[in-house]
Amino acid sequence: MLSTVMATGEFDPAGPLAMVVFLPLVGALLLGFAPKPVARVLGRVAVLWTLPGALFLLAAAWFGASGHSVVGVRWLERLPAGAGLVLSIWNIVPALLVGLTAPLALLVAEPREKTPARAGWLLVLASSTQAALLGAGPGMVILGWVGGTWALFFLLGEADAEAQGQKANGPFVAHALACACVLAAGLSPGLLPLLVLAAAIRLGVPPFHGPLARAFEVLPTGAVLLLGVGFTTTGLLAAHDGTLALARAVGTSAVVAGTLAAFGALWAGLVALPQDDLRRRVAGFLSAQGAMWLALLALVDPALARPAVGGWALVTLVALVAIVVAYARLWAFARTGDLRAYGGLGQVALLRSTLLLLAFAALLAAPFLGARGSGVKALAASLVASPLAGGALALGGALGCLALGLAIYRTIRGQAAMPLPAPDLSGREWAFLALLAATLIFLSSLGPEVGGLGSLWPVFAAAGTP
Amino acid sequence: MTLRRGLDHAGAALTLLLGVGAIALALRALAMPPGAPTLDPTGAFADDGWARSCRAAMLLVTGLAAIGLVRAPGLRRLAAMGALLGSGFGVVLAATSLELTSLWAGVALATTLSPLAIVLADTRRGAARHALTALLLGALASGILALSFLALTALSGSTHVLEIGFKVTRFEDSAPFALTAVRAAAVGAAMLAAWAPFHLGLPELWGEGSAPLAGWLAIAWPWLGWSVMIRLAGGLAPALEEWSFDAAAAVSVFLVLGATLPGAAALAEQRLGRLYALMGVGVLSELLLAVHARGVDPALVAPGLWGYSLAWIASSAALAGLRARLGDDRLEAMAGLGRRLPRTALAASAAAFLWVGLPGTFSLAVRWSLWQQGAAGPPGVLLLASVAGGGFLRMLAAGRLLGLFYFRAPAAGEAARPAPPPALLERGRWGLVFVAALVIEVALALGAAPWAGRLWGIDRVLFGG
């Protein structure tokens with residue numbers, strides 16, 4: 001409804017792509033308005049609303065890969081009230097990631113009882129994120145950002161019932177500001193640089209690392225999973241468009257923004273290290289990574305930075321999903337993020353420990369794995385272009401990894417105050433793992449044009465390209 | 001006693017009948033096939049898209065207010081209904097007038113009779129204050145408009161807006177004086193259409209009065225203010241061009257202030273009615289994006305005002321239902337409302353979302369059109385940033401309200417206890433109005449908009465284009 005006007009005949013009527021966005025929304029509405037006993041049942045099977053979309057995206061990627069061309073994955077749909085959705089090489093990888101993460105988010109073990117309200121808002125978060133990724137015009141994208149912000153607000157408020165939702169306020173204000181920036185950028189090309197601010201908020205770049213850490217600390221595990229993947233992908237899209245606009249508007253402003261982001265990465269890494277909450281460590285790591293990616297996009301030649309950041313982020317997000325899934329049952333048992341409650345996992349749950357180690361190894365190797373090692377080249381280029389900023393961002397990224405690595409080390413080798421009755425991987429978790437491995441193999445097998453792991457993730461559209 | 005009760009029932013039935021009749025006429029006006037714009041034989045009145053749109057809106061809102069007035073005591077409700085009908089006639093008169101005399105008469109009639117309706121029908125505390133505020137504001141606006149119209153008439157030698165546009169420039173030295181008169185007329189219109197900073201008395205008037213009357217005022221006066229603007233701007237277009245007067249630049253300060261100030265004030269507001277009013281004032285100010293260098297685009301303003309009106313109708317219904325259960329609309333009494341009165345809380349939340357922008361509704365769709373219109377024009381970055389900033393502030397205000405409803409524990413004490421549910425007829429009435437407004441919002445957004453849009457086809461010839 002709110003998108004720009006499309007050319008007649010360019011779009012097909014609404015079909016499966018609309019289903020990806022609106023089916024979870026229908027589920028959320030039913031959960032909200034159904035009588036309590038019905039809502040309870042619907043809440044338990046809420047995952048079903050996300051599966052058709054995930055399967056469609058998988059199929060689209062499969063057929064797109066077999067086509068090995070831009071046309072292979074091009075999919076355009078016009079919605080009844082005039083808006084549009086587009087699936088192309090520019091957004092298929094993040095859309096697929098979010099599509100596959102959404103069912104996981106609804107299935108993972110939680111410290112507290114799952115409620116219909118939470119399931120409903122998770123569905124809203126999933127569909128909003130997809131709308132922000134798939135929207136063919138600024139209107140749909142803005143709606144996606146706003147919907148994600150409201151979903152975050154309610155998920156935080158619901159999780160923070162003890163403090164009557166006080167912890168929801170800070171992140172909500174920050175993300176509402178991000179929405180205003182996207183709205184302003186959607187209205188006027190002159191305001192496109194504001195997307196950098198929106199991206200900084202979504203990626204948790206300092207000084208916005210606090211709201212991200214607070215959100216991770218308070219949110220249920222499923223929401224952490226979806227938020228980590230969804231907000232990072234939408235934030236990266238905004239970062240790319242914003243840094244490009246910044247570079248076009250005033251030549252040196254992108255460098256200034258990049259330098260600030262680089263020192264932000266350093267600050268986020270430093271702040272992440274002394275955190276004694278496991279979830280805050282994960283958030284701190286993501287903040288440092290986000291700031292580093294933003295800095296690379298601003299400082300390095302886009303031709304190198306785009307594939308570097310795309311591939312790096314893809315590996316990081318998949319590994320992050322693995323880490324959160326591995327920790328989910330531990331969090332459900334411990335009911336706290338306090339690091340002192342974790343330890344000795346290596347002795348009681350070898351497979352879970354191995355999964356954590358493998359995922360962390362993937363995180364460390366992400367600059368080498370993604371886009372044929374262009375992450376490392378981009379880092380080197382940033383060091384050459386600006387030794388101070390390049391050094392800061394590299395150090396920040398390393399500190400973020402160190403913070404997460406120490407937390408994982410403590411979980412596996414440390415001594416907990418009270419031994420966790422930590423079980424090894426269950427059948428369901430095996431299923432998660434199998435799905436994750438299949439996804440990784442599948443993404444690796446995609447042709448270069450559609451964003452294979454070994455090539456690039458062309459998620460970022462050049463201005464004007466659908 | 002029996003005769004009195006009989007008269008009371010008859011009065012109630014008559015008020016209801018009038019209300020239903022007005023709503024039926026409004027629906028008929030909306031459903032009628034579009035006709036060509038016409039002028040009456042004297043050329044003083046136009047029956048064009050703007051006039052039809054305004055007439056249909058007035059009939060709808062007056063009919064809804066009449067249904068709400070059933071609760072007023074005794075025969076006062078009939079008198080109040082008469083005052084509202086007269087006031088609504090004044091708004092329609094102004095919307096159809098091309099002569100400054102009848103245009104001003106419409107404004108004067110509307111602004112004089114509406115405070116009278118408050119005096120007659122509002123039994124709430126502070127009704128007298130609200131009536132006085134309305135009277136003073138209306139009188140001030142009428143007075144300013146009278147002076148500016150006098151000046152324009154004297155300079156042009158005519159009272160017809162189309163003639164004024166061509167003749168007012170005949171004396172070269174008079175341009176500063178004429179422009180001052182135009183600016184004064186804009187201030188008069190600003191008082192009626194709630195453009196900041198002239199909105200200051202309105203949140204109290206719209207937010208604290210009884211829902212039917214306050215809602216009527218909140219909808220009718222902006223239609224009145226914009227009618228003045230559209231008729232004047234349409235007629236004065238040739239003169240504005242000759243003076244190289246940039247109308248959009250002239251009203252930009254209203255837009256910047258209107259988009260941001262009420263939103264900021266809403267963050268500190270302690271009453272729900274006033275909160276809605278402040279959010280509504282912010283939305284109203286966005287209509288100024290329809291003002292371009294040489295005038296106003298009525299085809300953008302009319303749907304914008306329709307969206308605003310529908311949002312107010314839904315808000316008024318939610319507010320009335322909430323007041324009936326809680327006794328008042330203080331926010332502190334609404335903590336945990338989502339658990340105590342889930343449906344009422346949902347309605348109040350939906351109303352707040354309408355002001356922020358609820359996807360799939362007509363009011364958001366027309367606002368998006370307005371924003372894009374603003375983006376396509378030359379107004380620049382500051383105005384659009386103000387619009388986005390206003391949206392941000394309204395989002396925070398709505399978040400504050402929703403946090404109060406759904407995250408906070410219910411307040412303890414007598415004040416927080418809800419009153420027993422009112423009779424089914426009462427509840428049904430508010431619910432019906434609320435749901436009907438939402439259904440119209442969604443229906444217009446999802447495809448009926450082109451059908452309704454036929455009303456807003458404006459023949460530019462009538463506006464001097």
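Structure summary
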| read-out | value |
| --- | --- |
| Euclidean distance between Cα centres, segment B:346-365 to segment A:162-196, Å | 19 |
| Exposure proxy order (Cβ contacts within 10 Å, fewest to most) of B:Glu172, B:Glu332, A:Glu429, B:Glu242 | B:Glu172, B:Glu332, B:Glu242, A:Glu429 |
| Rg followed by Dmax, in Å, when segment B:128-271 is reduced to its Cα trace | 16.8, 53 |
| Under 15 Å from the B:Leu136 label point (7 Å along Cα→beta-carbon), backbone N, segment B:194-224 | B:198-206 |
| A:Asp276-B:Trp243 FRET efficiency (beta carbon distance; Förster radius 56 Å; 0.05 resolution) | 0.20 |
| GluC sites (Glu not before Pro) lying in DSSP loop within segment A:90-190, provided at most 13 other Cβ fall within 10 Å | A:Glu113, A:Glu162 |
| Rel. contact order, % - alpha carbon contacts under 8 angstrom, at least six apart, chain A | 17 |
| Exposure proxy ranking, count of Cβ atoms within 10 Å, fewest first, for A:Leu42, B:Leu136, A:Leu17, B:Leu202 | B:Leu136, A:Leu42, A:Leu17, B:Leu202 |
| Unit Cα scatterers, Debye sum, segment A:15-463: log10 I(q)/I(0) for q = 0.09, 0.14 Å⁻¹ | -0.51, -1.37 |
| Coil-residue trypsin sites (Lys or Arg not before Pro) of segment A:305-384, DSSP, other Cβ within 10 Å capped at 14 | A:Arg335 |
| Segment B:80-159: trypsin sites (Lys or Arg not before Pro) in DSSP coil with no more than 13 other Cβ atoms inside 10 Å | B:Arg125 |
| Charge tally in the Cβ shell below 14 Å around B:Gly282, where Lys, Arg are +1 and Asp, Glu are -1, B:Gly282 excluded | +1 |
| Per-pair calculated FRET efficiency, R0 = 22 Å: A:Ala161 and A:Val26 via Cβ, rounded to 0.05 | 0.25 |
| Kirkwood hydrodynamic radius of chain B, Cα pairs, Å | 22.3 |
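Laboratory data are not the source of any read-out in this text; all were calculated from the coordinates shown. Just so we're clear, the structure is a prediction, and the values are computed from it rather than from any experiment. Positions of Cβ are generated from backbone atoms using ideal geometry, with glycine treated the same way; all protein chains shown enter the neighbour counts.
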